[in-house]
Amino acid sequence: MKTIAILGSTGSIGTQTLEVVRANGDIRVAALSAGRNIALLEQQIREFRPRLACVWEEEDAKTLRTKLADLSVEILSGMEGLKAVAVCEEASILVTAVVGMIGIVPTIEAIKAGKDIALANKETLVTAGHLIMPLAARCGVKILPVDSEHSAIFQCLNGERQNKIDKILLTASGGPFRGRSYEKLKNVRVEDALKHPNWAMGQKITIDSASMVNKGLEVMEARWLFDVSLDQIQVVVQPQSIIHSMVQFADGAVIAQMGTPDMKLPIQYALYYPERRLLAGERLDFAKLGSITFEKPALDTFLGLSYAFEAARIGGSMPTVFNAANERAVSLFLHRQIGFTDIYAIIRDCMDHHTVISDPDVTQILDTEQSVYERIEARF
């Protein structure tokens, strides 16, 4: 019986993680956390009976305590609550499915407590990879990627760790606006950007996929996860989302991980690694598929991807600026306060006006995030 804790249990990855738990029956949930969706969290607590749960606002915690007075579950709030979930004694694996840089501190605490990390929170490595990966190595903790692309790379490297990686081929669907010009992106509506052709995801990551910022974040993450240089990472558009990523080795051989676009596969693989379990669902039918196609990403149109490479090459605190600027810009777009291409303009402005800290600690990372938010808020 495995025991897990989940940060962000009411989001897309969190709910799909609980679907995997429900389908297998031999995973116990020790702790859950959510933001403001206390109605769904209450349902999850009643079904999975964790010992501990956390919401962000204390007022929501009070409401939840009243609703769950018939159960013996401890309800906490805020960052202290998130850290308590992260280090929950019974859990051996922490699923970090929370969105945003709020996941960094709890993840660090979990690693220090010896928990393996099923990582779905991009921001953790994008902004603090230089701290997280050495810490995980010192603590003997496994970082198990849950992102579809990084899980694919992780699977391709099984049994190949002693062999030299020549290149990581990070695939992208191209999103709903593949083939459009930059001018046409200016008129994109929120509803259009939320219609991803292949994947069902939360709103923020769906917008990031439409802008291809998400792929830029994945490039930064892959650099830390697999200890490669940026020059060894190539983004390839694969519109069918059948090949989830590939690894090319020194001898020219390429290994690809393929499958239907279903996030439960990388989630289940991380939870049961190295075992592969039966996962119900659609299977690839190559006769029906017919062909798999590839394209170069349009870097002159989807500026977020080129800005991400730039931020990663500069390093230090610049990836934090890129991430924080995008996070706030996406929120403004979702609230219809800016246009789609304004996301790129905000990222560019924040990067251009930042003085880089070469080796930021956690406090400096979070301070940088706040300074970016303040700059954007002063303008909008």
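Values computed for the structure shown
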{"item": "Some residue of the stretch 203-220 being more than 19 Å from the chain's Cα centre (by Cα) and among the polar types (S, T, N, Q)", "result": "no"}
{"item": "Gly100 vs. criteria in contact (Cβ under 8 Å) with a residue 40 or more places away in the chain, farther than 22 Å from Met1 by Cα and of a type in the set (Gly, Ala, Ser)", "result": "yes"}
{"item": "Filter pass, Ser241 being under 19 Å from the mean Cα position of the chain (by Cα), open to solvent by less than 50 Å² (accessible area, probe 1.4 Å) and modelled with pLDDT under 95", "result": "yes"}
{"item": "Helices (runs of 4 or more DSSP H) completely within the stretch 268-343 that count 2 or more residues being at negative phi, at pLDDT 95 or above and crowded, with 17+ Cβ neighbours inside 10 Å", "result": "303-314, 318-334"}
{"item": "Count of residues meeting criterion [surrounded by fewer than 16 Cβ atoms within 10 Å (Cβ to Cβ) and at pLDDT below 90] in the stretch 199-228", "result": "1"}
{"item": "Matching residues, the stretch 263-296, being acidic (Asp, Glu) and in contact with a Ser or Thr (Cβ under 9 Å, 6 or more places away or on another chain)", "result": "Glu282"}
{"item": "Subset tally (residues that are of a type outside the set (Lys, Arg), over 23 Å from the mean Cα position of the chain (by Cα) and either over 14 Å from Lys2 (Cβ atoms) or assigned to a loop (DSSP other than H, G, I, E, B) (or both)) for the stretch 18-53", "result": "9"}
{"item": "Search result, residues across the stretch 182-198 that are polar (S, T, N, Q) and exposed (fewer than 15 other Cβ atoms within 10 Å of the Cβ)", "result": "Asn187"}
{"item": "Any hit, the stretch 59-76, residues being of a type outside the set (Asp, Glu), under 22 Å from Leu366 (Cα atoms) and in contact with a helix residue (DSSP H, G or I) (Cβ under 6 Å, 6 or more places away or on another chain)", "result": "no"}
{"item": "Filtered residue count, the stretch 346-361, keeping only those that are in a helix (DSSP H, G or I) and surrounded by 14 or more Cβ atoms within 10 Å (Cβ to Cβ)", "result": "6"}
{"item": "Condition check for Arg138: out of contact with any Pro (no Cβ under 6 Å at 6 or more places or on another chain) and either over 29 Å from Ala308 (Cβ atoms) or open to solvent by less than 10 Å² (accessible area, probe 1.4 Å) (or both)", "result": "no"}
{"item": "Only listed residue being β-branched (Val, Ile, Thr), open to solvent by 10 Å² or more (accessible area, probe 1.4 Å) and not in a loop (DSSP other than H, G, I, E, B), chosen from Ile102, Ile117", "result": "Ile102"}
{"item": "Residues that are among the hydrophobic types (A, V, I, L, M, F, W, C) and farther than 20 Å from Ser358 by Cα, drawn from the stretch 117-142", "result": "Ile117, Ala118, Leu119, Ala120, Ala136, Ala137, Cys139, Val141"}
{"item": "Where a residue in the stretch 320-343 is closer than 24 Å to Ile365 by Cβ and its partner, wherever it lies, is open to solvent by 10 Å² or more (accessible area, probe 1.4 Å) and among the aromatic types (Phe, Trp, Tyr), with Cβ under 8 Å and at least six apart", "result": "Phe322/Tyr307; Ala324/Tyr373; Arg328/Tyr373; Leu332/Phe380"}
{"item": "Filtered residue count, the stretch 20-46, keeping only those that are within 22 Å of Lys83 (Cβ to Cβ), open to solvent by 60 Å² or more (accessible area, probe 1.4 Å) and at pLDDT 95 or above", "result": "2"}
{"item": "Single residue of the stretch 65-88 satisfying the filter (in contact (Cβ under 8 Å) with a residue 24 or more places away in the chain and either in a loop (DSSP other than H, G, I, E, B) or of a type in the set (Val, Ile, Thr) (or both)) that is most open to solvent (accessible area, probe 1.4 Å)", "result": "Val87"}
{"item": "Residue count for the stretch 120-141, restricted to those that are in contact with a strand residue (DSSP E or B) (Cβ under 8 Å, 6 or more places away or on another chain) and in a helix (DSSP H, G or I)", "result": "5"}
{"item": "Candidates Gly175, Gly179 - the one that is assigned to a loop (DSSP other than H, G, I, E, B) and crowded, with 18+ Cβ neighbours inside 10 Å", "result": "Gly175"}
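The values are calculated or read from the model by the stated rules, or taken from the named source; none is laboratory data. Just so it is clear, the model here is predicted, and its values are computed rather than measured. Because the Cβ atoms are built from the backbone with ideal geometry, glycine has one as well, and the counts that use them run over all protein chains shown. Just the protein is used for accessible areas: all its heavy atoms, side chains included, with ligands, DNA and RNA removed. Shrake-Rupley method; radii C 1.70, N 1.55, O 1.52, S 1.80 Å.
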